[in-house]
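Heads up: the structure comes next, in structure tokens.
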Ligand SMILES: Nc1nc2c(c(=O)[nH]1)N[C@H]1C(S)=C(S)[C@@H](COP(=O)(O)OP(=O)(O)OC[C@H]3O[C@@H](n4cnc5c(=O)[nH]c(N)nc54)[C@H](O)[C@@H]3O)O[C@H]1N2
Ligand SMILES: Nc1nc2c(c(=O)[nH]1)N[C@H]1C(S)=C(S)[C@@H](COP(=O)(O)OP(=O)(O)OC[C@H]3O[C@@H](n4cnc5c(=O)[nH]c(N)nc54)[C@H](O)[C@@H]3O)O[C@H]1N2
Ligand code: SF4
Ligand SMILES: [Mo]
């Protein structure tokens, strides 16, 4: 077994320069490790993605660290084992399955959160040495539609824009992107540029998001109607004479058919407006603005990609840019915003089942020959492997018998997620590499502990093709190991030691860069030949750099400036596309459309951000955001619990009413897992329809029914230790000095005293305070040990419950004083202090009520004035859109 290279941990007093492991903006961070195992993290002023800025998640990175809840030993079944045994078992399981059933009976399912080096090794292992193309990644769920649209238009998966373009544009169109919450630092850069140069912002999204609230125009289009909207734009541009015929003739093909198709479908503004469910005047305003503005960037994200028409939506957008020649120029182009930190790196190494390494084509014999000889691999599959959703279908029906899942949590994040869980439970061999227990490790046969951010070394590539180093500043806990090491050891145990004899990530990166140089041969955009000679020291000190990095030293050039593309003809293709409705329409039984996505302070399935108190206050519970009219129809009031059902599954959530929600649509975040909340995995409801070209699922459109979840009691507990499951609605929230549990039940509890003592773990010598009003259905109890608050429970027949914030503060003190003790069961301090309310500013923990009170009493009129008065919004700035909303609310 190969040893890990030493020298992983920085010892100088200097902060370690690294990269944020969350979104595709790829912000640089400066990390100063602390004695307690945590770290302070600030933005790197020199990093060209963020110039020192961080969002709420990046700013709280230091608090995600620490050994608590980490996986530290490999295990087989329930049995902890050493690495030798674990690796032997994985290797034998895969070898035996291949011997009995052939290479396509095994598969890997990996992640855009792997470092490029891990990702490269995983692909080499699967495609080159297991001999199967059955390696797919969660990027299939994320930007595979954009990849397919790029390939169709440009002949390769190339993103035409860079971040500067957002600052140089006069018009920015955000389509299906809630960038204020999902790409916050990029959004802040964009807003700053807008202040300076007066650029316009248009947001195309069915809901009024915090991003849309800031826009000059918000187009709340009917879900799934983007193709129609952009076909309508294309036809309008032709009518208005905004076409760049010179560009079309010299650099493109397919424009005549494309124009005809668009004209057939959306010949006039009224026609397009009707199909998109938009007022004609609003659509006309947008079309006019687009036609008149040369410098326009259309940035798109999951409202485009996660659709059964995702590839066509991408093409419809790109068509408009090609038609006007607005591509390959400063401040102009279609811009796919990547979600994960290394979505782009995954594309470089050929992470998807239909790709080969280094932007080479799996289906091209000459490309396969190049890779095969470079890897010295015994065989290379010639047909694409199974795409994520089909891959799990194959697991369900037994075609795939051994599966290795790395750095992703499909039991939460795939559509039809209950079926995914059932499929994994039946599968002969499921191996999971993760850093913590998840809903997916819960159904694994072998669990492997992975090193995580801060403990691993490597590179990631952000949305603008910029490669940055992630650097380690602390050792992994226990036996945890980097993913490249684990995969290489399994490959070696299967007899491929020579091809995987890496002594560290630098060697892998150099191999990757060398292969890209061979593949590009100086002619293609994806080219890292200029980094193929890096030595250890050069890799260690690698500065953020945008590709292409040519052998002659040229780097980071803007793509497509010469109008030359990577298609066989060298011309870009306009692709005729036609609107298709989403796969499943709402009906009488399932009348609403479920739209899913993200919230500001949580990352995906919450395995890291869910550990941070500061990030848990903003939106602590699984919720369903619905229009007041739909709520009234279902008899649901603000804050009540609801049950959502689709033909695929069901869940519970807290109702949040919002007039910004499109009538007929419900928005539910994707984040909550079984580890944190009961019956709150929205993936269980999501239909498994996919885009026919990209295979990307339709996460934004599932018919559902919503009903009141009639509860008999509601309550919450705060406790120093984690509590057992007691209620059918139970949500665990990380607070600074305690855990908060939101609870509710549909069966009345006659007597609370005994179960409350058990729940909070009362001992004979403890102090037990309690108050009961049986007739009113109210019960309150608190447990103290030597004057220290251990836990408390508040139950009520309705939702009249005290503020959690004041009570949770009592856990910070070692001994409760008499006043606090007296007010404990009242749940609030004496006097008439208002509770701070829902936390809006995560950095300084400033609540909604505090903000509203200050805005009114001090007549505050801008986020800057709020910042001066209360600090809110002055650190990461992620809450500024909400501060603006509160100012408007106070005025109204
Ligand atoms: N805070 C936070 N940030 C993140 C992440 C996170 O988990 N948390 N994850 C990262 C990842 S991996 C990704 S992929 C990105 C995703 O970033 P975004 O794509 O910005 O985020 P989403 O919330 O998934 O969806 C975006 C919007 O699409 C809208 N939408 C739904 N249907 C349609 C439609 O038919 N047409 C249009 N035009 N819009 C529609 C939704 O209402 C939603 O507001 O975020 C990244 N950043
Ligand atoms: N309903 C709904 N579902 C969605 C979406 C949606 O909009 N709506 N969006 C989809 C999109 S765009 C995405 S990108 C996916 C994301 O979905 P997932 O990839 O499933 O989400 P994560 O929680 O990021 O999972 C990453 C896992 O890797 C682990 N991990 C962290 N660091 C390491 C490491 O260094 N090594 C290893 N081996 N493991 C590590 C984490 O603990 C975590 O369990 O969700 C998709 N699912
Ligand atoms: S915007 Fe936030 S989450 Fe994204 S990379 Fe920057 S700090 Fe990290
Ligand atoms: Mo994503």
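A compact table of results
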quantity: Hits in segment 189-216 - residues which are outside any helix (DSSP H, G or I) and either farther than 23 Å from residue 657 by Cβ or within 16 Å of ligand 2 (Cβ to nearest atom) (or both); calculated: 198, 199, 200, 201, 202, 204, 205, 206, 207, 209, 216
quantity: Per-region count, segment 159-183, residues within 18 Å of residue 332 (Cβ to Cβ) and part of a loop (DSSP other than H, G, I, E, B); calculated: 7
quantity: Failed item in (1) surrounded by fewer than 20 Cβ atoms within 10 Å (Cβ to Cβ); (2) closer than 27 Å to residue 640 by Cβ, with residue 742 passing the rest; calculated: (1)
quantity: Condition broken by residue 651, with the remaining ones in (1) within 16 Å of ligand 2 (Cβ to nearest atom); (2) within 24 Å of residue 723 (Cβ to Cβ); (3) assigned to a loop (DSSP other than H, G, I, E, B) satisfied; calculated: (3)
quantity: Wholly enclosed strands (runs of 3 or more DSSP E) of segment 363-481 bearing at least 1 residues within 20 Å of the chain's Cα centre (by Cα); calculated: 402-406, 429-434, 458-461, 466-470
quantity: Positions within segment 93-120 being without any contact (Cβ under 8 Å) to a residue 12 or more places away in the chain and in a helix (DSSP H, G or I), in sequence order; calculated: 96, 99, 100
quantity: Filter pass, residue 325 being within 27 Å of the chain's Cα centre (by Cα) and more than 16 Å from ligand 1 (Cβ to nearest atom); calculated: no
quantity: Unmet requirement for residue 355, which otherwise passes all of (1) within 14 Å of ligand 1 (Cβ to nearest atom); (2) over 30 Å from residue 238 (Cα atoms); calculated: (1)
quantity: Residues satisfying the stated conditions in segment 21-45, i.e. under 23 Å from residue 481 (Cβ atoms), modelled with pLDDT under 95 and either assigned to a loop (DSSP other than H, G, I, E, B) or within 11 Å of ligand 3 (Cβ to nearest atom) (or both); calculated: 37, 38
quantity: Filtered residues of segment 582-606 (kept if part of a loop (DSSP other than H, G, I, E, B) and either without any contact (Cβ under 8 Å) to a residue 24 or more places away in the chain or closer than 29 Å to residue 616 by Cβ (or both)); calculated: 588, 598, 599, 600, 601, 602, 603, 604, 605, 606
quantity: Residue list for segment 137-153, filter: crowded, with 24+ Cβ neighbours inside 10 Å and either away from ligand 2 (no atom under 12 Å from the Cβ) or part of a helix (DSSP H, G or I) (or both); calculated: 138, 139, 140, 141, 144, 145, 146, 147, 148, 149, 150, 153
quantity: Matching entry among 624, 632 (being touching a residue at least 60 places away in the same chain (Cβ under 8 Å) and under 23 Å from residue 744 (Cβ atoms)); calculated: 624
quantity: Hey, residue 186 within 16 Å of ligand 4 (Cβ to nearest atom), modelled with pLDDT of 95 or more and either closer than 27 Å to residue 21 by Cα or not in a helix (DSSP H, G or I) (or both) or not; calculated: yes
quantity: Matching residues in segment 56-70 - criterion: being within 16 Å of ligand 2 (Cβ to nearest atom) and buried (at least 22 other Cβ atoms within 10 Å of the Cβ); calculated: 57, 58, 60, 61, 64, 65
quantity: Residues of segment 68-88 satisfying the condition of being touching a residue at least 60 places away in the same chain (Cβ under 8 Å), at negative phi and in contact with a helix residue (DSSP H, G or I) (Cβ under 8 Å, 6 or more places away or on another chain); calculated: 68, 71, 74, 75, 76, 83, 87, 88
quantity: Checklist (1) away from ligand 1 (no atom under 16 Å from the Cβ); (2) at pLDDT 95 or above applied to residue 67, failing item; calculated: (2)
quantity: Subset tally (residues that are away from ligand 4 (no atom under 12 Å from the Cβ) and out of contact with any strand residue (DSSP E or B) (no Cβ under 8 Å at 6 or more places or on another chain)) for segment 129-146; calculated: 3
quantity: Residues that are under 16 Å from residue 459 (Cα atoms) and either within 16 Å of ligand 1 (Cβ to nearest atom) or free of Cβ contacts under 8 Å to residues at least 40 places away in the same chain (or both), drawn from segment 13-29; calculated: 19, 20, 21, 22, 23, 24, 25, 26, 27, 29
quantity: Identity of the residue in segment 51-66, near ligand 3 (Cβ under 10 Å from one of its atoms) and within 19 Å of the chain's Cα centre (by Cα), that ends up nearest to residue 842 (Cα to Cα); calculated: 56
quantity: Hits in segment 845-879 (condition: closer than 18 Å to residue 190 by Cα, without any contact (Cβ under 8 Å) to a residue 60 or more places away in the chain and in contact with a strand residue (DSSP E or B) (Cβ under 8 Å, 6 or more places away or on another chain)); calculated: 873
quantity: Of all residues making up segment 269-326, the number that are under 18 Å from residue 170 (Cβ atoms) and within 16 Å of ligand 4 (Cβ to nearest atom); calculated: 1
quantity: Failed criterion for residue 611 (all others in (1) over 13 Å from residue 735 (Cα atoms); (2) touching a residue at least 24 places away in the same chain (Cβ under 8 Å); (3) away from ligand 1 (no atom under 13 Å from the Cβ) hold); calculated: (1)
quantity: Out of 67, 48, sole residue that is part of a loop (DSSP other than H, G, I, E, B) and out of contact with any strand residue (DSSP E or B) (no Cβ under 9 Å at 6 or more places or on another chain); calculated: 67
quantity: Criterion violated by residue 817 - all others in (1) within 19 Å of residue 732 (Cα to Cα); (2) free of Cβ contacts under 8 Å to residues at least 40 places away in the same chain; (3) surrounded by fewer than 17 Cβ atoms within 10 Å (Cβ to Cβ) satisfied; calculated: (1)
quantity: Hits in segment 51-64 (condition: farther than 17 Å from residue 182 by Cα and not in a loop (DSSP other than H, G, I, E, B)); calculated: 62, 63, 64
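The rows are residues; the columns are (1) away from ligand 3 (no atom under 16 Å from the Cβ); (2) out of contact with any helix residue (DSSP H, G or I) (no Cβ under 8 Å at 6 or more places or on another chain); (3) modelled with pLDDT under 95.
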position: 311; (1), (2), (3): yes, no, no
position: 321; (1), (2), (3): yes, yes, no
position: 324; (1), (2), (3): yes, no, no
position: 342; (1), (2), (3): no, no, no
position: 370; (1), (2), (3): yes, no, no
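Yes/no per residue for (1) within 16 Å of ligand 2 (Cβ to nearest atom); (2) within 29 Å of residue 250 (Cβ to Cβ); (3) touching a strand residue (DSSP E or B) at 6+ places or on another chain (Cβ under 9 Å):
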{"site": "511", "(1), (2), (3)": "no, no, no"}
{"site": "537", "(1), (2), (3)": "no, no, no"}
{"site": "547", "(1), (2), (3)": "no, yes, yes"}
{"site": "566", "(1), (2), (3)": "no, yes, no"}
{"site": "575", "(1), (2), (3)": "no, yes, no"}
{"site": "589", "(1), (2), (3)": "no, no, yes"}
{"site": "598", "(1), (2), (3)": "yes, no, yes"}
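The values are calculated or read from the model by the stated rules, or taken from the named source; none is laboratory data. This is a predicted model, so every value here is computed, not measured. Counting neighbours? That spans all protein chains shown, and the Cβs are built from the backbone with ideal geometry, glycine included.
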